[in-house]
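Working notes, structure below.
The values are calculated or read from the model by the stated rules, or taken from the named source; none is laboratory data. No experiment lies behind these values; they were computed from the predicted model shown. Here the Cβ is made from the backbone with ideal geometry for all residues, glycine too, and neighbour counts use every protein chain on show.
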Amino acid sequence: MSHDLTREAAAAASVDLRSDTVTRPTEAMYARMRTAPLGDDGLEGDPTARDLEETAAAILGKEAGLFVPSCTMANLLAILAQVRRSEQILLEAQAHMVNTERGAATFTGTFLLGLPGTDGAMDLDRLEDALHPGASPLRTGMIALETSHNAAGGAVLPLQHMAAVSALAGARGIPVHLDGARLFNAAASLDVTPAEVAAPVDTVSLCLSKGLSAPAGAVLAGPAPVIAEARRLRKMLGGTQRQIGIVAAAGLEAVTVMGARLAEDHATARRLSAGLNTLGPRIVASIPQTNIVQVDLTGTGRASARWIADLEAAGILTRPLGERRLRLVTHRHIGAGDVDRAIAAFGACLDAA
Ligand SMILES: Cc1ncc(COP(=O)(O)O)c(C=O)c1O
């Protein structure tokens with residue numbers, strides 16, 4: 001057996017809580033991929049990609065959609081298509097667009113100003129202060145939101161908060177973008193439609209390859225002129241792909257079918273969190289609103305790297321959140337038995353400490 005095959009088999013036998021991005025395509029996705037009508041998306045257009053763009057836009061309640069290789073590119077295009085160089089973007093300080101994607105400022109020439117928040121929601125008074133004409137010589141070109149909020153442990157923005165941000169922005173003619181990588185998780189948690197979550201914002205990005213289980217891809221949706229500009233810019237970035245309907249076919253299955261089961265992942269996450277919190281005061285698991293559990297291991301006196309190594313030896317794959325915390329993400333391949341196995345492994349590692 002080659003090294004790669006050994007690793008693959010080990011990964012398959014593991015309980016993989018690293019991310020919902022590890023989800024594999026469903027059989028229905030493979031079936032759609034095999035029969036998808038294809039074209040050249042850089043020439044006449046790929047009919048399946050167009051179908052996905054129109055379908056996703058309708059589901060999100062927006063005029064038009066654009067299929068892109070990743071949610072990072074969707075967020076980048078939202079900025080490039082709407083914000084001028086030397087303008088600022090206001091967003092919650094722990095947003096993915098700040099934490100992980102802020103290097104994009106090198107390409108966009110924009111400045112990101114992270115504002116303090118609670119559970120992923122910007123403090124509205126601080127937002128209003130930042131919007132005050134005297135606050136900075138920089139013009140504000142965008143306000144960006146994120147739901148569910150990755151770094152806030154999958155927290156979901158209250159719709160009233162989104163509406164309040166939208167009102168502040170609308171009064172000043174500033175567009176609001178939503179990093180909705182996990183928007184369907186937010187919709188499932190709030191028990192509303194994806195369009196209701198996206199209603200307060202102008203543009204929205206949606207990741208297809210997380211809990212929705214497509215192998216790759218994201219959609220940017222919004223007003224037709226903004227999406228037309230994003231389509232032009234996508235070509236400049238090298239994001240126009242050819243017979244991409246093969247991947248878009250899986251995306252169609254993702255947006256039309258897969259959202260309906262995400263509540264299961266949320267229930268699995270709650271079960272995981274509850275089980276970890278029975279292990280004693282040294283391990284503190286967050287109570288999840290969606291599919292992300294943050295585990296604070298400060299009380300164990302051991303660094304996250306050590307925990308990750310010990311858990312991996314027990315077949316549980318996790319990722320660090322800094323030095324003392326781990327992030328566990330539930331998804332389609334995590335069932336009740338996997339949760340029990342993970343809780344037992346945490347308990348055994350704790351006893352061995
Ligand atoms: C909230 C959020 N936005 C954007 C992204 C980027 O997605 P992609 O990996 O498709 O570029 C992620 C990925 O984890 C995310 O969690």
### Task
Just one of (1) away from the ligand (no atom under 15 Å from the Cβ); (2) buried (at least 16 other Cβ atoms within 10 Å of the Cβ) trips up P133, so point out which.
(2)
### Query
List the pairs whose first member sits in region 120-141 and is on the phi > 0 side of the Ramachandran plot, whose second member is among the hydrophobic types (A, V, I, L, M, F, W, C) and in a loop (DSSP other than H, G, I, E, B), and whose Cβ atoms are under 7 Å apart, counting only residues at least 6 apart or on separate chains?
G120/A152; G120/L157
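Quick grid of which residues meet (1) more than 21 Å from the chain's Cα centre (by Cα); (2) modelled with pLDDT under 95:
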{"position": "R282", "(1), (2)": "yes, no"}
{"position": "V295", "(1), (2)": "no, no"}
{"position": "P320", "(1), (2)": "no, no"}
{"position": "R324", "(1), (2)": "yes, no"}
{"position": "R332", "(1), (2)": "no, no"}
{"position": "D340", "(1), (2)": "yes, no"}
{"position": "I343", "(1), (2)": "yes, no"}
{"position": "D351", "(1), (2)": "yes, yes"}
### Message
Suppose we filter region 67-115 for residues that are of a type in the set (G, A, S) and either touching a helix residue (DSSP H, G or I) at 6+ places or on another chain (Cβ under 8 Å) or crowded, with 19+ Cβ neighbours inside 10 Å (or both); how many remain?
### Response
6
### Task
Report, by residue number, each residue of region 116-126 that is surrounded by 19 or more Cβ atoms within 10 Å (Cβ to Cβ) and in contact with a strand residue (DSSP E or B) (Cβ under 6 Å, 6 or more places away or on another chain).
G117, G120, M122
#### Entry: From G222, G239, residue being within 14 Å of the ligand (Cβ to nearest atom) and either basic (K, R) or outside the structural domain of H333 (by TED's automatic domain parsing) (or both)
G239
#### Entry: Pick from region 19-35, criterion touching a Pro at 6+ places or on another chain (Cβ under 8 Å) and in a loop (DSSP other than H, G, I, E, B), ranking: nearest to N150 (Cα to Cα)
R24
### Query
Would you call L76 under 17 Å from the mean Cα position of the chain (by Cα), more than 13 Å from the ligand (Cβ to nearest atom) and assigned by TED's automatic domain parsing to the domain that holds V156?
no
### Summary
Log entry, pairs with first residue in region 142-165 being in contact (Cβ under 8 Å) with a residue 60 or more places away in the chain and among the small types (G, A, S), second being near the ligand (Cβ under 10 Å from one of its atoms) and part of a strand (DSSP E or B), beta carbons closer than 6 Å, six or more apart or on different chains, reads G153/I292; G154/I292; A155/H149
### Task
Return yes or no: is R85 touching a strand residue (DSSP E or B) at 6+ places or on another chain (Cβ under 7 Å) and either more than 11 Å from the ligand (Cβ to nearest atom) or not β-branched (V, I, T) (or both)?
no
### Summary
Subset of region 179-235, residues touching a Phe, Trp or Tyr at 6+ places or on another chain (Cβ under 7 Å) and surrounded by fewer than 24 Cβ atoms within 10 Å (Cβ to Cβ), comes to P194
## Note on the structure
For region 41-75, the count of residues that are within 17 Å of S209 (Cβ to Cβ) and in a loop (DSSP other than H, G, I, E, B) equals 3
